[in-house]
Amino acid sequence: MAEPVNLNRFRKQKARAEKKARADANAVKFGRSKAEKQLDRSLRNKQARDLDGHKADDQGET
């Protein structure tokens, strides 16, 4: 006689696989490369440094 099969386990496996497929598709659609992220980070840091430099200059001239 065959072993009983737990259908809930198969449903959950299918749901996990669909969720992973959706996540992979979104990563391709919306994801950015490591180089793009580093470029954005370095530009934000430079803007912050420039702004801080201007703030220091403005405070000394009062």
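Given the -39500 (n - 2.57) contribution per DSSP H run of 4+ residues, what per-residue ellipticity at 222 nm results for the chain, rounded to the nearest 500 deg cm²/dmol? When only DSSP H runs of four or more count, the value is -28500 deg cm²/dmol.
Roughly speaking, to the nearest percent, how much of the chain's 1.4 Å accessible area is carbon and sulfur? Within the chain, the accessible surface is 54 percent carbon and sulfur. Checking (1) 66; (2) 51; (3) 77 against the coordinates, the calculated percent of Cα pairs over 14 Å apart falls under label (3). Computed over protein heavy atoms with a 1.4 Å probe, the accessible surface of region 1-55 works out to 101 Å² per residue.
In the chain, a dipole from Cβ-located charges (positive for Lys and Arg, negative for Asp and Glu) runs towards its positive end, and of Leu7, Leu43, Asn26 it is Leu7 whose Cα lies farthest in that direction. Which of Asp40, Asp52, Asp24 moves the most in a Gaussian network model of the chain with Cα springs under 10 Å? Between Asp40, Asp52, Asp24, it is Asp52 that shows the largest mean-square fluctuation.
The values are calculated or read from the model by the stated rules, or taken from the named source; none is laboratory data. Note that the structure is a prediction, hence the values are computed from the model and not measured. Every residue, glycine among them, receives a Cβ derived from its backbone with ideal geometry; neighbour counts consider all protein chains shown. For the accessible areas, the whole protein counts, side chains as well, though only heavy atoms, and no ligand, DNA or RNA atoms are used. Shrake-Rupley method; radii C 1.70, N 1.55, O 1.52, S 1.80 Å.
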